[in-house]
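J.: I am attaching a structure below and will ask some questions about it afterwards.
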Amino acid sequence: MAVSSAFVVSPKLETLLTDPHNPSSSPAPLGMIPIRPLPMNNRTRRGLIQRARCEISASKAASISALEQLKSSAIDRYTKERSSIVVIGLSIHTAPVEMREKLAIPEAEWPRAIAELCGLNHIEEAAVLSTCNRLEIYVLALSQHRGVKEVTEWMSKTSGIPVSEICQHRFLLYNKDVTQHLFEVSAGLDSLVLGEGQILAQVKQVVKLGQGVNGFGRNISGLFKHAITAGKRVRTETNIAAGAVSVSSAAVELALMKLPESSSHARMLVIGAGKMGKLVIKHLVAKGCTKMVVVNRSEEKVAAIRKEMPPSVELIYKPLDEMLTCAAEADVVFTSTASETPLFFKEHVEILPPVADARLFVDISVPRNVGSCVADLDGARVYNVDDLKEVVAANKEDRMRKAMEAQDIITEESKQFEAWRDSLETVPTIKKLREYCERNRAALVEKFMSKNGNGMDKKTRKAVEDLTRTLVNKLLHGPMQHLRCDGTDSRTLRETLENMQALNRMYGLDVELLEEKIRAKVEQK
């Protein structure tokens, strides 16, 4: 029977021990202890047991040695620094739709992605915001440079897109810039349509799906929760989402505004199922319309739109040759076709049966689908693209003013979040200081008991334990009081962080915090 064993360097620790500023450097040697095959007898067994004990001792020594080397290595320059919040993103502003499609991560896969990202060497926390317009990965990184490199490689691996191509289209933001960006995204200031509301719901979904997921930690979850607060404040205090800012949305809003109040069940007809027609249908649905007739050359496009609608929405397809019949049964007619000649002339409309007020023709086509002569009829009112452009321009100008007001809110909310995050810095120091004092107290009590505790009864032993714990707690009371703040007062926060730095230096706690970070990443593997 042959027995062999060796101490193998952990790949994760090997990576962490490599000097990030020197690609040619190699990991610190931890040593390897081979055991040669030997025939088994009692003497051999004793030898193997002794050798195994030596190996365990060597492994422990190697681990300690590795950490000692880590403290003085080049990695120490960034590991001792505060971890950074980083966003690696590709959006409609920076990347083509073909790339965004390949990078997109379905909501159901967000927890898995967080787990994989936090398995990377330099990533502590993570979140994914993936929509049709953007993929943004938010991480808390031990190292900015290495964290970005690892996440970009992960994106390449999951999408099949080369790293070099991702780098051409990605954007990178760090710490306070990340906070500012996400708050603007949540408020709708980074959207194609300024102030659109869907993105806030998507930010909320990140928090909902992240609950209970390892890796959606205190820093990143706090960032997203505060972004929701900022987004809500902007919408409430500026009303930035009010007013149509596209021709199709303006067409729907104008039609609904012109209808009499009694026309809550107005009959809607949409002629044309192209891009603009589809947008009109979507805006009508968003305004509560659940039934409409759609006239188009073929049913294929209408069927595709129908699949995107909620089950409660009824889209009735009619061919183009039934257009006038459908118009006779409609209160509002939206036209958006590519026809080079008008579909409706005066003679077509004047024979249509009258409606309660007047039949509305909202023409968003260029060239126009409704002849100008139709406006001369008493029973018809016609609005074209020029009428709508004025509405859109006025609304856009109003939203831009509101966006400037929104920036003041975002700046205020960003300061509050950064102060809260700064206040978290003292938590590890509080924990380590207590552990340091308890370790020394327990060692001194143990030393005292070994010399003087032979004749001591249990009651006296307990009294010694209680006395020393009380003494330690009283001595720690002052430092602990000066390590706690909620971040609401900038002066108090500044003093608290100064106290933390002083205690870290005096007791060498920063070294222990460093070791804990590295051990956690090594054990995570």
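J.: Would you work out if segment 149-252 is rounded, prolate or oblate? Take a ≥ b ≥ c from the square roots of the eigenvalues of the alpha-carbon gyration tensor; rounded if a/c is under 1.5, else prolate when a/b is larger than b/c, oblate otherwise.
T.: Verdict is oblate for segment 149-252.
J.: Report Rg(Cα)/(2.2 N^0.38 Å) for segment 213-273, keeping two decimals.
T.: Compared with the compact-globule rule of thumb, segment 213-273 sits at 1.89.
J.: What FRET efficiency do you get for Val472 and Lys258 if R0 is 56 Å and r is their Cβ-Cβ distance, rounded to the nearest 0.05?
T.: Calculated transfer efficiency: 0.10.
J.: Using a 1.4 angstrom probe and counting only protein chains, how large is the accessible area of Thr238 in Å², to 10?
T.: For Thr238, solvent-accessible area is about 10 Å².
J.: So how much accessible area does Glu101 have, in Å² to the nearest 10, using a 1.4 Å probe?
T.: The value for Glu101 is about 130 Å².
J.: On a full-extension model of 0.36 nm per residue, what is the gain between Asp408 and Glu107, subtracting their alpha-carbon distance, rounded to one decimal in nm?
T.: The span from Asp408 to Glu107 would gain 105.2 nm if fully extended.
J.: Another question, if that's okay. If only Cα atoms are counted, what is the Rg of segment 282-366, and what is its Dmax, in Å?
T.: Computed over the Cα atoms of segment 282-366, radius of gyration and Dmax are 13.5, 38 Å.
J.: Report ³J(HN,Hα) in whole Hz for each residue of segment 353-370, in order, from the Karplus equation J = 6.51 cos²θ - 1.76 cosθ + 1.60 where θ = phi - 60°; Gly and Pro get x.
T.: These are the phi-based 3J(HN,Hα) values: x, x, 10, 3, 10, 7, 6, 9, 10, 10, 9, 10, 9, 9, x, 5, 8, 10 Hz.
J.: In addition: Would segment 247-393 count as rounded, prolate or oblate if I go by the C-alpha gyration tensor, calling it rounded below 1.5 in a/c and otherwise prolate when a/b exceeds b/c, oblate otherwise?
T.: Rounded shape, in that the Cα axes give a/c under 1.5.
J.: Return the FRET efficiency for the residue pair Ala520, Lys275: r is the Cβ-Cβ distance, R0 is 56 Å, and the value is rounded to the nearest 0.05.
T.: Efficiency for this residue pair is about 0.65.
J.: Oh, and also: Ranked highest first by the average count of other Cβ atoms within 10 Å around their residues, in what order do 456-467, 268-279 fall?
T.: 268-279, 456-467
J.: Something else about it: Mean projection of the alpha-carbon convex hull of segment 79-237 over all orientations, in nm²?
T.: Over all viewing directions, segment 79-237 projects a mean Cα-hull area of 8.6 nm².
J.: Hey, another quick one. Efficiency by 1/(1 + (r/R0)^6): what FRET value for Ala394 and Glu237, r their Cβ-Cβ distance, R0 = 25 Å, to the nearest 0.05?
T.: For Ala394 and Glu237, the calculated efficiency is 0.75.
J.: Pop a pseudo-label 7 angstrom from the Cα along the beta-carbon direction at both Lys459 and Lys346 and give the gap in nm to one decimal.
T.: 11.6
J.: Using only alpha carbon positions, build the gyration tensor of segment 132-207, then give the equivalent ellipsoid semi-axes as the square roots of 5 times its eigenvalues, largest first, whole angstrom.
T.: 24, 15, 11
J.: Take Cys167 and Asp376, extend 7 Å from each Cα along the Cα→Cβ direction, and tell me the distance between the two endpoints in nm.
T.: Modelled inter-label distance: 6.8 nm.
The values are calculated or read from the model by the stated rules, or taken from the named source; none is laboratory data. The model shown is predicted, which means the values in this text are computed figures rather than measured ones. So basically every Cβ, Gly included, is an ideal-geometry build from the backbone, and we count neighbours across all protein chains shown. Just so you know, the surface numbers come from the protein's heavy atoms only, side chains and all, with ligands and any DNA or RNA stripped out. Shrake-Rupley method; radii C 1.70, N 1.55, O 1.52, S 1.80 Å.
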